[in-house]
Amino acid sequence: MPEVSSNPGAVRARVSRLLVLLVAALIPILLCVALARYEAERIARREATLASTFIVGQVVSIVETAQSAAQTFAPRAAEACEALSPDLTLKAATVPYVRTLNILYGGRIDCSSAIAQQAIPIDGLLNGYVPASDDEWLRIVDDTPVVRNRPSLLVGVAGEAGHAVVAVVDVQYLLDLLHGAAPLTEFRQAELRVGEGTVLREAMALVNVRGAPLLVDVQKRMAGATIDLKIYGQPERINEAWGGLLLRYLPWAAALSALLVWLVRRLQQSGQSRREQLLRGIRANEFHVEYQPIYGVATQRCEGVEALLRWVRPGTGATRPDEFIQAAEEEHVIVPLTQHLLKLIARDVATWDVARGFHVGVNFAPEHLSGEQLVKDVLGLRAALAPRGVTITLEITERTLVCNTEQARNSLATLRQEDVNVAIDDFGTGYCSLSYLEKFPFDILKIDRGFVLTIDPEGKRAAVLDSIIDIAHSLGAQLVAEGVETQVQRDYLCARGVTYIQGFFYAKPMPSEAFMRWYRAHGAHMSPDPRMTAGT
Ligand code: C2E
Ligand code: CA
Ligand code: CA
C-alpha cells in the first residue's frame, strides 16, 4: 500500500503549500505598504512641485522687472552722473522690487540712485566678483554699501562704453516667497540660488538637510545665469502621511489577504481532498476489479478479459471509473492506484481456473507508461499470473498524450520481449492515432465503441471503421472491437476479420467470483448475453 503522508515528497508538498499560503497572505499587505509609501512620497513631491513652480515663476518675474529697469539705463550708462542721478533715483523709486539702480565703471560705483556720485569702490558691492562687461548677470551678495548684513540680488546688464548697470533687488521679496510657498513647517528646507553668490534659504535658517529627501530640483536659465531651487522634504511629515494612508488602507489589505488565503486554501483543499480520498480509498480497500470477457472470433471462446477498476465508497456508492481515473491522473495518484489494481488482479487470478494463454487486459495511464517503474510493475504481475497460465495485455490509451515517449517506447519493447502484449486502446479517438502506431510497438488495436456505433443496422458501410480495420490488417495487428452490443455489429465486425469482440452483447464486466462462475458456464463456448439479444 502506498504511504504518502510521511514520505519526503509529502513533507515537501506540505511545506510548499504553507509557503504558498504565506505568500498569498503577504502579497496584499506588502503591496499596500509599498503603494502607501509611494503615494505619500508622491503627495510630498506634488506639493513641492507646485511650490517650486510658483516660486521660480515669481523669481523670473522679479528678475525680469529689475533687468528691464537696468536696461533702460544701458544706453545712457556713460552719461555724467549729475544728469543720470535724478532719473536713476526716480526709476528706482517707482519700479517694484528694485531698491537702487547703479552704474558701475572702472572698478567703482560711478553713479547710484541712492547715494549719487560717491565713487564707492565696486568691491563693496560685488565682493570680488568681476562680471564680464558685455554680459547679463545675476548674483546674490551678503552686503551692499547701503545695506549691511542683509543679502541683495544684483541684476546686472552691460551698458555703453564699458559701463554696467546694476539693479539691486531686496531679497526680502525672495525670502517672503520661500516662506509663503515652501515654509519650514511643510518642508525641511527650500534653497534658492539666483546666479552666483549666496544661497537663500527660507528664513535664512541653516537646517541640516542630510537624510531629507530632495523632492524637487528646478533649474531655469535666464539673464546669463541659472536660477536653481531645491526643496527638501521632511521625512517625519512623509512618514506621517504614509502612516495615515496605511491606517486607511491596511484593513482593506488585511481583508484581501484573508480572502486570498481562504481562496488558496480552498483550492489546495479541493486538490488535496481528492487526492486524499483516493489514497484513503486504497487504504480502506474500497476498490475492486471487474472483468469483462473478450470473445475470440476464431475459437468462439472467451480468450481473455479486460480488468476494469471499480470504486464503491461507503455512503456514496459507485463512482464512475472515467471520473476517478481522471482525478487520479490529475492528482498524480494514478501510479499508486494502478499498483494497487495490479495487486487486486494478482489476488483474483490466483483463484481462477482458465485455459492456458488466457490474457488479462490492464489499462495503464500515460504517467505510468512514461515512468521508470512500469517494467518492474508489469513483470511483477506477470510473475504472479504465470502459475495460472495467464498472460498480460497492456492497454495504452491514446486519448491522453504520453510525455516521455522514449522511456515509454523502451519499456514497451522490453515488456513485449517478456511475452506481454501491447494494445492501443480507444484507437482513432485521440489526436495522434497514426503517430502512435509509429511511436509505440504494439500487437493489438482496440477499436473504440464510437466507431462500432457507426455500424448501420441496415448493413451500409461504415467507412471510417472499415479504414481502421484495413490499417490494422496491413500492419499485421490483431483487432479488438469494443462496446459491441448488437448482433448486427458483431456480424459486421466478424465479416471483416476482427480478431476479438468485447461488449455487452456477450457479457458485461463482472466481479472476480461472478466472472469465474460465468466462465465455467460460458467460457468454452460463448454465446450472446440473452438480455442483450432479447430486444434484437
Ligand atoms: P476503456 O478502457 O475503454 O474500457 C472500456 C469501457 O467500455 C468500460 O467502461 C466498459 O465497461 C465499457 N464497455 C464495454 N462493453 C460495452 C458495451 O457493450 N457498451 C457500453 N456502453 N460500454 C461498454 P468502464 O469500466 O466504465 O471504464 C471506463 C473507462 O475508465 C475505461 O475505458 C478506462 O479508460 C477507464 N478505466 C477503467 N478501469 C481502469 C483502470 O483500471 N485503469 C485505468 N488507467 N483506466 C481505467
Ligand atoms: Ca481499455
Ligand atoms: Ca477503450
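The values are calculated or read from the model by the stated rules, or taken from the named source; none is laboratory data. These figures come from a predicted structure and were not determined experimentally. A quick note on method: Cβ atoms are made from the backbone with ideal geometry, for glycine too, and the neighbour counts reach across all protein chains shown.
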### Query
What is the residue count in region 264-302 for residues that are acidic (Asp, Glu) and free of Cβ contacts under 8 Å to residues at least 24 places away in the same chain?
1
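Conditions (1) surrounded by 17 or more Cβ atoms within 10 Å (Cβ to Cβ); (2) touching a residue at least 24 places away in the same chain (Cβ under 8 Å); (3) among the β-branched types (Val, Ile, Thr), marked per residue:
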position	(1), (2), (3)
159	yes, yes, no
164	yes, yes, no
174	yes, yes, no
190	yes, yes, no
194	yes, yes, yes
208	no, no, no
216	yes, yes, yes
221	no, no, no
224	no, yes, no
### Task
Taking the options 351, 338, name whichever one is loosely packed, with under 13 Cβ neighbours inside 10 Å, assigned by TED's automatic domain parsing to the domain that holds residue 518 and among the polar types (S, T, N, Q).
351
### Condition met for residue 386 (more than 9 Å from ligand 1 (Cβ to nearest atom), of a type outside the set (Lys, Arg) and surrounded by fewer than 15 Cβ atoms within 10 Å (Cβ to Cβ))
yes
### Query
Just one of 476, 483, 459 is surrounded by fewer than 21 Cβ atoms within 10 Å (Cβ to Cβ) and within 16 Å of ligand 2 (Cβ to nearest atom); which is it?
483
### Message
Would you confirm whether or not region 516-531 contains a residue that is within 16 Å of ligand 2 (Cβ to nearest atom) and assigned to a loop (DSSP other than H, G, I, E, B)?
### Response
no
### Message
Looking at residue 309 and the list (1) out of contact with any Phe, Trp or Tyr (no Cβ under 7 Å at 6 or more places or on another chain); (2) within 16 Å of ligand 2 (Cβ to nearest atom), which single condition is not satisfied?
### Response
(1)
### Query
Which residues, taken from region 441-466, are within 16 Å of ligand 1 (Cβ to nearest atom) and not in a helix (DSSP H, G or I)?
442, 444, 445, 446, 447, 448, 453, 454, 455, 457
### Message
I'm trying to understand the selection: among the residues of region 287-306, which are more than 13 Å from ligand 2 (Cβ to nearest atom) and closer than 15 Å to residue 527 by Cα?
### Response
293, 295, 296, 297, 298, 299, 300, 301, 302, 303
## Note on the structure
Checked region 289-310 for anything among the small types (Gly, Ala, Ser) and under 19 Å from residue 494 (Cβ atoms); matches are 296, 298, 304
### Query
Would it be correct to say that residue 398 is within 30 Å of residue 491 (Cα to Cα), in contact with a Cys (Cβ under 9 Å, 6 or more places away or on another chain) and in the same structural domain as residue 352 (by TED's automatic domain parsing)?
yes
### Task
Considering only residues that are farther than 23 Å from residue 444 by Cβ and free of Cβ contacts under 8 Å to residues at least 60 places away in the same chain, look in region 487-512 and name the one that is surrounded by the fewest Cβ atoms within 10 Å (Cβ to Cβ).
487
